[in-house]
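Please read the structure below before turning to the comments.
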Amino acid sequence: MDSEFCDALKKKFDQIVIFGAGFDSRAERFDHLNKSTKIFELDAPITQQEKLKAFSKKKINVLENLIFVSINFNKESLSKKLIEAGFETSRKSMFLMEEVTIYLSSTAIDSTFSFIRHFSVKGSLVIFDYVNAGVLRKENKYHGEKDIFKTVSRAGETWTFALEEGEIKSFLGHYGFSLKDHSNALQLEKKYFRNPEGKILGKINGTHNIAIGSRRSSTALRYQGQIVITSPAMCGILPIGATRRTFS
Ligand SMILES: C[S@@+](CC[C@H](N)C(=O)[O-])C[C@H]1O[C@@H](n2cnc3c(N)ncnc32)[C@H](O)[C@@H]1O
């Protein structure tokens, strides 16, 4: 994800939107590459307050181009909040979600990706990680899977969303994106965890994948230059209801 983030900065994407940013530090770590990209971090007010406290403790100034958007996804309109914060709907954007899709209900996944679809112009990118559906079925097929639910429940969390192997293309297609790149854990190990002699230096949990989608064309409705969506249900992430669905 770091390399895609850097690539977007180098290519001068207008905007990067980070959903559920938490303590994401990409804006600071890669600021030297940022010429003009606005970065919007979306998260719950309490998390952002903690982050700002940590910044202040470490004497880190908030960057000029970094915009914190406090939101409760379950209750507030994503589109309203983002536009009020200065997001421009007609500009090329990257939408990034790390460790977020797994916690969303299928309804919330649908509203989030519908939102991204309606707020993306051609060439915009979405990058996110997701879990293989077999993991939720506890099939124990992947490295690191065995005790993963103990860790998840110890943290008081529940995993709700996953995709079948091979389903990513139709999932993205459903939301107007084509699959630009996709890596499972083995591919990530080969790409990032090899020494110059080609030896794999570390194992990654096989449960997760990273996908990148590229927006095929913009079909969004426009009103006075800004893209608008009409259904409030598309504007926010809605609460739980974790039935799976097929995308075609
Ligand atoms: C698992 S963390 C991921 C954080 C970060 N992306 C990372 O990879 O380290 C999920 C994030 O989603 C945020 N979040 C969860 N529910 C939320 C809600 N209803 N509204 C806004 N943010 C929420 C949490 O505050 C948290 O920062």
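Read the figures in this text as sums done on the coordinates, not as results from a lab. Model, not experiment: these values are computed from the prediction. Counting neighbours? That spans all protein chains shown, and the Cβs are built from the backbone with ideal geometry, glycine included.
Structural remarks
- In loop segments of the stretch 18-68 as defined by DSSP, the trypsin sites (Lys or Arg not before Pro) with at most 16 further C-beta atoms inside 10 Å of their C-beta are Lys35, Lys58, Lys59.
- Cα-derived Rg over Rh, computed across the stretch 4-69 with Rh taken as Kirkwood radius: 0.96
- Alpha carbon centroid spacing (whole Å) that separates the stretch 1-74 from the stretch 118-137: 19 Å
- For Glu64, net neighbour charge (Lys/Arg +1, Asp/Glu -1) across residues whose Cβ lies under 13 Å away: 0
- Among the lysines of the stretch 70-139, pairs that are 8 or more positions apart or on different chains and have alpha carbons within less than 24 Å of each other number 5.
- If you look at the Cα atoms of the stretch 89-147, you get an Rg and a Dmax of 14.7, 45 Å.
- Axial C-alpha extent at least 15 Å, average Kyte-Doolittle at least 0.0 - helices from the chain (DSSP): 106-118
- Here the mean projected area of the convex hull built on the C-alpha positions of the chain is 14.5 nm².
- By the Kirkwood approach, averaging reciprocal distances over each pair of separate Cα atoms, the stretch 35-143 gets a hydrodynamic radius of 16.1 Å.
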